[in-house]
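Presented below is the structure to which this report refers.
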Amino acid sequence: MQIWVDADACPKSVKEILYRAAARTGIRLTLVANQPLKVPPSPHITTIRVAAGMDVADTHIAAEAEAGDLVVTADIPLAAQLVDNRVHVLGPRGEVIDRDNIHERLSMRNLLDELRGSGIETGGPPPLKKSDRQAFANRLDQLLARAVSPAPGNTHSP
């Protein structure tokens, strides 16, 4: 498993949780953005800077993430692509995006986009709260525990 981060819009506090998780687990963490990023020195953390432009980071992540990887993003169209490719998706508020809820999320996103296009002010997401950060950290720990634990029935030593 590798963790990919759609880092341009990812809150700093969420990135800090991810840095600690990479250090603790040794799982590779790759942040993709169209601007330079400051990350702690670590053999487990890398950054990829892509060209500026709409969805350039999303396109890179969609092309590189493999089945079983984890992507942290709030971008619903990117999440839809990833879910179709069996990539785990986690939003910065701790919400798992999967086959069970992606269609509902896409519909809501498209409705809000239509409303904005017709001039109706829909507002953005509320600021990230402490409870959101805690929900993210808890869900991340659950996903990582599943990724690093042995498969059931495979407990014998080599």
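The values are calculated or read from the model by the stated rules, or taken from the named source; none is laboratory data. Because the structure is a prediction, the values reported are computed rather than measured. Don't worry about glycine lacking a Cβ; one is built from the backbone with ideal geometry, like all the others, and counts go over all protein chains shown. The area values use the complete protein model at the heavy-atom level, side chains included, leaving out ligands, DNA and RNA. Shrake-Rupley method; radii C 1.70, N 1.55, O 1.52, S 1.80 Å.
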**Prompt:** Which ³J(HN,Hα) values in Hz, rounded to whole numbers, follow from the phi angles of segment 90-98 under the Karplus curve 6.51 cos²θ - 1.76 cosθ + 1.60, where θ = phi - 60° and Gly and Pro get x?
**Reply:** 10, x, x, 9, x, 8, 7, 10, 9
**Prompt:** Hey, what does the equivalent ellipsoid look like for segment 1-65, semi-axes from the Cα gyration tensor as sqrt of 5 times each eigenvalue, largest first, whole Å?
**Reply:** 20, 13, 10
**Asked** Using a 1.4 Å probe, what is the accessible area per residue for the chain, in Å²?
**Response** 60 Å²
**Message:** Let's test the formula: R0 of 35 Å, r as the Cβ-Cβ distance of Arg146 and Glu16. What FRET efficiency results, to the nearest 0.05?
**Reply:** 0.95
**Complete:** Taking placed amide H atoms and a strict 5 Å upper bound, the residues 5 or more places from Thr47 or on another chain that come that close are Leu31
**Message:** Can you bin every Cα-Cα distance in the chain into 10 Å intervals starting at zero and give me the percent of pairs per bin, rounded to whole numbers?
**Reply:** 10, 37, 37, 13, 3, 1, 0
**Prompt:** Computed FRET efficiency, Cβ-Cβ of Ala67 and Thr46, R0 25 Å: what is it to the nearest 0.05?
**Reply:** 0.75
**Fraction of accessible area attributable to carbon and sulfur, the chain (%, probe 1.4 Å)** = 52 percent
**Complete:** Which residues qualify? For Trp4, with a placed amide H closer than 5 Å and at least 5 residues away or on another chain, they are Thr30, Leu70, Val71, Val72
**Asked** Roughly how many nanometres apart are two label points built 7 Å out from the Cα toward the Cβ at Arg139 and Val96?
**Response** 1.0 nm
